[in-house]
Amino acid sequence: MASIPIWQRLLAVLAYLLPWSDGVPFGRYLFPLFPPLQWLTLPALPVLMLQQMVPFGGFLLFLVLYLAVVRNQKVPYYLRFHVLQAILIDIVLVVVSLAFSVLLAPLGAGFAVRTLSNTVFLAVLLLVAFAVVECLRGRQAEIPSLSEAVRMQLY
């Protein structure tokens with residue numbers, strides 16, 4: 001396998017800002033306990049601002065990434081793979097966020113809700129960190145089931 005150019009690696013890393021920006025709100029109960037964790041939210045700020053300032057900003061970003069990158073055969077496969085994988089992680093996070101707001105909102109901020117929220121945040125942190133490290137190494141981040149779904153979509 002040929003070496004992946006550094007510009008492709010860096011652009012692939014940027015794709016993972018989308019799921020990270022949707023994972024940050026789950027850390028709201030951890031940030032007061034561990035203030036240094038707030039520094040990890042800095043990379044997600046541009047995406048968070050876009051989602052808040054532009055109506056349907058998150059959906060528009062999803063459409064642009066999907067149509068301009070994933071479905072564009074001129075874009076290298078490595079980039080398309082990582083962008084689609086980041087989009088699928090983001091879709092899972094949006095569904096989890098919706099489940100939290102519908103099913104767990106009546107419970108308030110009890111111990112179980114805080115624990116679930118912290119668990120989701122830490123899982124997203126580890127998943128995004130793993131994907132970013134793999135991108136920087138020039139490899140495809142192998143996430144069980146998700147990577148297989150990405151490959152099925154791209155071929």
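The values are calculated or read from the model by the stated rules, or taken from the named source; none is laboratory data. From a predicted model like this one, the values you see are computed outputs, not experimental measurements. No Cβ is skipped: glycine too gets one built from the backbone with ideal geometry, and neighbour counts run over all protein chains shown. Accessible surface is based on the protein model in full, side chains and every heavy atom, while ligands, DNA and RNA are left aside. Shrake-Rupley method; radii C 1.70, N 1.55, O 1.52, S 1.80 Å.
Screening the candidates Val113, Val102, Val95 for the property of being at pLDDT 90 or above and either out of contact with any strand residue (DSSP E or B) (no Cβ under 9 Å at 6 or more places or on another chain) or not hydrophobic (A, V, I, L, M, F, W, C) (or both) yields one hit, Val95. For the range 1-35, which residues satisfy the criterion of being surrounded by fewer than 16 Cβ atoms within 10 Å (Cβ to Cβ) and among the basic types (Lys, Arg)? Hit for the range 1-35 is Arg28, nothing else. Of the listed requirements (1) closer than 23 Å to Gln73 by Cα; (2) out of contact with any Leu (no Cβ under 9 Å at 6 or more places or on another chain); (3) in a helix (DSSP H, G or I), Arg139 misses just one: (3).
Residues in the range 100-110 that are open to solvent by less than 80 Å² (accessible area, probe 1.4 Å) and either part of a helix (DSSP H, G or I) or free of Cβ contacts under 8 Å to residues at least 60 places away in the same chain (or both): Phe100, Ser101, Leu104, Ala105, Gly108, Gly110. Check off (1) open to solvent by 40 Å² or more (accessible area, probe 1.4 Å); (2) under 15 Å from the mean Cα position of the chain (by Cα); (3) within 27 Å of Val150 (Cβ to Cβ) for Tyr77 and give me the number that stays unchecked. Among (1) open to solvent by 40 Å² or more (accessible area, probe 1.4 Å); (2) under 15 Å from the mean Cα position of the chain (by Cα); (3) within 27 Å of Val150 (Cβ to Cβ), the lone unmet condition for Tyr77 is (2).
Taken together, Ser145, Ser97 contain a single residue that is among the small types (Gly, Ala, Ser), under 20 Å from Phe59 (Cβ atoms), out of contact with any Cys (no Cβ under 6 Å at 6 or more places or on another chain) and open to solvent by 40 Å² or more (accessible area, probe 1.4 Å), which is Ser97. State all residues of the range 1-24 that are under 12 Å from the mean Cα position of the chain (by Cα) and in a helix (DSSP H, G or I); if no residue qualifies, say none. Scanning the range 1-24 gives Ala12, Val13, Leu14, Ala15, Leu17, Leu18, Pro19, Trp20, Ser21, Asp22, Gly23, Val24. Restricting the range 111-136 to residues that are more than 17 Å from Asp90 (Cα to Cα) and without any contact (Cβ under 8 Å) to a residue 60 or more places away in the chain, the residue that is surrounded by the fewest Cβ atoms within 10 Å (Cβ to Cβ) is Phe111.
Would you say Tyr66 is out of contact with any Gly (no Cβ under 7 Å at 6 or more places or on another chain), open to solvent by 40 Å² or more (accessible area, probe 1.4 Å) and either in a loop (DSSP other than H, G, I, E, B) or touching a residue at least 12 places away in the same chain (Cβ under 8 Å) (or both)? The answer is yes for Tyr66. Selection of the range 36-58 for residues being more than 20 Å from Val128 (Cα to Cα) and open to solvent by 70 Å² or more (accessible area, probe 1.4 Å) yields Gln52, Met53, Pro55, Phe56.
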